[in-house]
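The values are calculated or read from the model by the stated rules, or taken from the named source; none is laboratory data. As the structure is a computational prediction, the values presented were derived from the model and not from experiment. Cβ: placed from backbone, ideal geometry, glycine included. Neighbour counts: every protein chain shown. The protein model used for the area step is the full one, side chains on, heavy atoms only, and it has no ligands, DNA or RNA in it. Shrake-Rupley method; radii C 1.70, N 1.55, O 1.52, S 1.80 Å.
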Amino acid sequence: MTIRPNAPMPIELRHFMRAGQHPSRSVACPHCGAAPHRPCRVPATGRTLDETHPARRTVWAETTACCPHCQVAPGTPCHTDGIPLPDQVHARRFLEAEEMAA
């Protein structure tokens, strides 16, 4: 029998272990560069944070939910009258993403 020290964790256990984390940790943080499923950190000191950066929550909402306000699909940036909103999403899209995660 061969023992693999770094065997992949089963999905059922992975979900259980991460159940207390905000779902936005499933994407990389554009602010601090934290990898998916890793905590955000302060770029200057490297100190880890308990909460995620707002930019990470924005990317998560954009990649997972449709926007009920401007009717765009997941992965498409929100817009107002055809003008894209840079690094922002509508509040209703956040609510939609939270409902999908629950």
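The set of residues in segment 85-99 that are under 15 Å from V59 (Cβ atoms) and open to solvent by 90 Å² or more (accessible area, probe 1.4 Å) comprises P86, D87, Q88. Candidates in segment 52-86 are the residues that are of a type in the set (V, I, T) and farther than 17 Å from V27 by Cβ; of these, the one that is modelled with the highest pLDDT is V72.
Please determine whether any residue of segment 20-31 is crowded, with 18+ Cβ neighbours inside 10 Å, among the hydrophobic types (A, V, I, L, M, F, W, C), modelled with pLDDT of 95 or more and part of a loop (DSSP other than H, G, I, E, B). Scanning segment 20-31 turns up at least one residue that is crowded, with 18+ Cβ neighbours inside 10 Å, among the hydrophobic types (A, V, I, L, M, F, W, C), modelled with pLDDT of 95 or more and part of a loop (DSSP other than H, G, I, E, B). The residues of segment 35-78 that are touching a residue at least 24 places away in the same chain (Cβ under 8 Å), among the polar types (S, T, N, Q) and open to solvent by 60 Å² or more (accessible area, probe 1.4 Å) amount to a single one, T63.
To keep it simple, each residue is scored yes or no on (1) in contact with a helix residue (DSSP H, G or I) (Cβ under 7 Å, 6 or more places away or on another chain); (2) part of a loop (DSSP other than H, G, I, E, B).
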| position | (1), (2) |
| --- | --- |
| A44 | no, yes |
| A55 | no, no |
| V59 | no, no |
| C70 | no, yes |
| P74 | yes, yes |
| P77 | yes, yes |
| R93 | yes, no |
| A97 | yes, no |
